[in-house]
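The values are calculated or read from the model by the stated rules, or taken from the named source; none is laboratory data. What you see is a predicted model; the values in this text were computed from it and never measured. As a convention, Cβ positions derive from the backbone with ideal geometry for all residues, glycine included, and neighbour counts pool all protein chains shown.
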Amino acid sequence: MTQRSEDQPVNGEDQPVNGAGILRQHGLLAEPAAPASPVRFSDGAHFRIEIPSVEGPAVLAAVVAEAQARGITVNRVSQGSGAMLLTAAELAEMARIGADNGIEVSLFVGPREEWDIGRAAHSDDGPGLAGRLRGTRQLRYAIDDILRAAEQGIRGFLIADHGLLQLVAGIQAAGQLPASIVWKVSAALAPSNPLSFGVLEQLGGTTINVPSDLTLGQLAEMRAASSVPIDLYVETPDWMGGVVRGHEAADLIRVAAPMYVKFGLRNSRLLYPSGVHLVDEAVAIATEKVHRAAAAVEWIGRSGMELVQSGPGAKGLGIPEP
């Protein structure tokens, strides 16, 4: 996505037309560059775009329309309220929209500890427990949640519990779940070092969400240890820290590829659990995320790096099978 050469002069001088070149004119050097990743998606691409918190068919339809209007490709959408809160008809409609547009639809598996009758997840030390499953009762419901959504054609699931991840990857390998299902490890389990990343890979994670505040060097450490795709929020809502890094997307992709470039939205409300009462806000928030993605794509193009995005329906995506 190159728009200008690194060697193009500024005002006739032998300096590139970019911020780094202008800083060099003033005797300033950028931080040492982390090594570029040699790994790619199976289609040869460096990155894919993900829009999270797509809470139902109406929001998904709005994302598709906005992406078409802005001329960008959204490769994956994810949802946080849980497949369990959608009717079979809504699951089928999301599967149809995703399949028609070559978009993976990844739904959070419910229930979860933060919504159960226990109160530990709501204590001062409790947020780390929020996405976990409490007891065998919740494990049973979670398995049924996956089976129910898979029956409607959904082929992507967001997992926030280590034990469930290991279990579903195992039963998938045994042929009890479709081989095309993608297991996306939630930001609730985000690993901060390569060893923890490797554990989630061993448990069966297909793609793994890492913390949004990792440095380029720390991302390079993750990539050196594994070839599993990295999911990275380049913008996060306030409750996840309010990080805004869309302008850095090219540098992040260069180091972390293959990478899902994920767009949360700072200064927006928490939508979970969503529903008809919040659909207008959910649509507005998701639409702005597509706008943020379009701006980031421009930054990627401006970088001068030859970074390739996957097209619709790319190999390895959990495209629905309605």
(message) Taking the criterion of being within 23 Å of Glu113 (Cβ to Cβ) and not in a loop (DSSP other than H, G, I, E, B), would at least one residue in segment 171-179 satisfy it?
(response) yes
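Of all the strands (runs of 3 or more DSSP E) wholly in segment 26-122, which have at least 1 residues that are more than 16 Å from Val261 (Cβ to Cβ) and either in contact with a Phe, Trp or Tyr (Cβ under 7 Å, 6 or more places away or on another chain) or free of Cβ contacts under 8 Å to residues at least 24 places away in the same chain (or both)?
76-79, 104-108
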(message) Quick check on segment 149-163. Is at least one of its residues assigned to a helix (DSSP H, G or I), touching a Leu at 6+ places or on another chain (Cβ under 7 Å), on the phi < 0 side of the Ramachandran plot and buried (at least 24 other Cβ atoms within 10 Å of the Cβ)?
(response) yes
(request) Please specify each residue of segment 278-308 satisfying the condition of being under 25 Å from Arg40 (Cβ atoms) and without any contact (Cβ under 8 Å) to a residue 24 or more places away in the chain. (result) Glu298
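Going by what's in this entry, would Leu271 be described as in contact with a strand residue (DSSP E or B) (Cβ under 8 Å, 6 or more places away or on another chain) and not β-branched (Val, Ile, Thr)? Before you say what the answer is, go through the steps one by one.
Working: in contact with a strand residue (DSSP E or B) (Cβ under 8 Å, 6 or more places away or on another chain): no; not β-branched (Val, Ile, Thr): yes.
No; evaluated as a whole, the condition is false for this residue.
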(message) If I filter segment 226-248 down to residues being at pLDDT 95 or above and touching a Gly at 6+ places or on another chain (Cβ under 9 Å), which single residue comes out as surrounded by the fewest Cβ atoms within 10 Å (Cβ to Cβ)?
(response) Ser226
(message) For segment 173-187, give me each residue that is surrounded by fewer than 21 Cβ atoms within 10 Å (Cβ to Cβ) and of a type in the set (Gly, Ala, Ser).
(response) Ala173, Ala174, Gly175, Ala179, Ser180
